[in-house]
Amino acid sequence: MKIDSHHHFWRYTVEDYGWIDDAMDDIRRDFLPEHLHLTIVKAGVDAVISVQARQTIEETTWLLELARQNKFIHGVVGWVPLVEADVSKHLEKFVANPKFKSVRHVVQGEPDPNFILREDFNHGIRALRPFDLAYDILIFEHQLPKTIAFVDRHPEQRFIVDHLAKPRVKAGVLSPWRENLRELARRPNVWCKLSGAVTEADYHAWTEESLQPYLETALEIFGADRLMFGSDWPVCLVACEYRRWVDLVGRFIARLSPDEQEKFWHTNARMAYRC
C-alpha cells in the first residue's frame, strides 16, 4: 500500500491563492478529489492525507467534508487559530470527525521571526495533546534553529516536518540545513515528509542527480522509521508530474529492505497521523 502524506485541494481564486505567482501559472485552476483520485490510481498510490492551503476554519470544515465523501482521503491536516486562548473549542468540534488528524500553521509566512517561540502559539500547541493530534511544521530552512527550541518545549507532541524544511535546492546549498535537520531529527517525536524538493529546485532545470544530496540527507538522519512519502500535489506540478515524482522516489528507496519500504510508503504515515 502507498499513502501520499501531503497534498492540497482548492477552488482557485486570486484572492485566496495570491501566493501562486506567474511562474506557477499552470496551477491557477481548481484541484479537487476527482482530479487527484484519477492521478493517484495511475501512479499506484492508494490513499492520501489532505493538508490545508488556507488559514481559515472554513478550509478545515471543507476538507473534512471532502474526506467524508471520498474514502481514499484517510486524514486531514487542518488549520485552527492556535494563538487564540479558546482554541480548544475549535479542536473539540473538529475531533468529532475521526479523519481530523493534525493541525498546521504557515509559520514560514509569519513576519515575526520569533513567532514559533511565542507563548500564545505554544499555548495552542499544548492544546493538541489532549486530543492526540499531530502538528505539521511548515518552515524555511533558516527557521530550523528556532524550530528545534520549539520542539524541545513539547517532548510528548508528535511533529511532522513538511517538505524537508525547505532546503535551498536551487542554489545547491546543503549547510547549515543538513546540520540543523540532523539536530532536529535527534528528537524521536519528529517525523519528516520526503516532499516538496522539486519546487525548491529550479522548476525547469532540476535533475534527479541534483536532488540526491537532499534525499540522501533525509534518509540518513530520519531513517526508514520516520521518513514518509509525500507529493505536494498540485504544487509539485509546476516542476514535476505526479507519476514522475512517485517513480523517482521509488528508485531512491529501492535500496531499502521490503519492510523498510513498507514503512516509508505507508506505515510511518499511519503511525504519525494515527490513520
The chain, Gaussian network, Cα under 10 Å: of Lys193, Lys146, Lys71, the residue fluctuating most is Lys71
Residue-normalised 222 nm signal for the chain, counting each DSSP H run of n ≥ 4 as -39,500 (n - 2.57), nearest 500 deg cm²/dmol, is -10000 deg cm²/dmol
For the stretch 3-273 the translational diffusion coefficient, Stokes-Einstein from a Kirkwood Rh over Cα pairs at 25 °C and viscosity 0.890 mPa s, in µm²/s, is roughly 131 µm²/s
Among beta bridges assigned by DSSP with both residues in the chain, the antiparallel ones amount in percent, to the nearest 5, to 5 percent
Answer in debye to the nearest 20: the dipole magnitude of the stretch 144-229 about its Cα centre, from +1 Lys/Arg and -1 Asp/Glu charges placed on Cβ, is 360 debye
With Cα springs under 10 Å, the Gaussian network model of the chain assigns the largest mean-square fluctuation among Arg251, Arg126, Arg178 to Arg251
In debye to the nearest 20, the charge dipole size for the chain, taken about the Cα centre with +1 at each Lys and Arg Cβ and -1 at each Asp and Glu Cβ, equals 760 debye
Put in order of increasing Cβ neighbours within 10 Å, starting from the fewest, Leu248, Leu194, Leu211 give Leu248, Leu211, Leu194
From the cross-link list Lys101/Lys166; Lys99/Lys146; Lys89/Lys263; Lys71/Lys166, the entries with a Cα-Cα span beyond 28 Å are Lys99/Lys146; Lys89/Lys263; Lys71/Lys166
Hull surface over four for the Cα convex hull of the stretch 176-235, reported in nm², is 4.5 nm²
Taking alpha-carbon centroids only, the stretch 110-188 lies from the stretch 193-225 a number of Å equal to 18 Å
Expressed as a whole-number percentage, the relative contact order of the chain with C-alpha contacts under 8 angstrom and at least six residues apart is 20 percent
Burial-style ranking of 73-86, 222-235, average other-beta-carbon count within 10 Å with highest first, yields 222-235, 73-86
Packing-ranked peptide list from 14-27, 110-123, highest mean Cβ count within 10 angstrom first, is 110-123, 14-27
Given Cβ charges of +1 for Lys and Arg and -1 for Asp and Glu, the option among Leu144, Asn189, Trp79 whose Cα lies farthest towards the positive end of the dipole of the chain is Asn189
Expected sort for 164-172, 1-9, 199-207 on mean C-beta neighbours within 10 Å, highest first, is 1-9, 164-172, 199-207
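Laboratory data are not the source of any read-out in this text; all were calculated from the coordinates shown. Computed from a prediction, not measured in an experiment: that's the story for all the values here. Backbone-built Cβ (ideal geometry, glycine too); neighbour counts: all protein chains shown.
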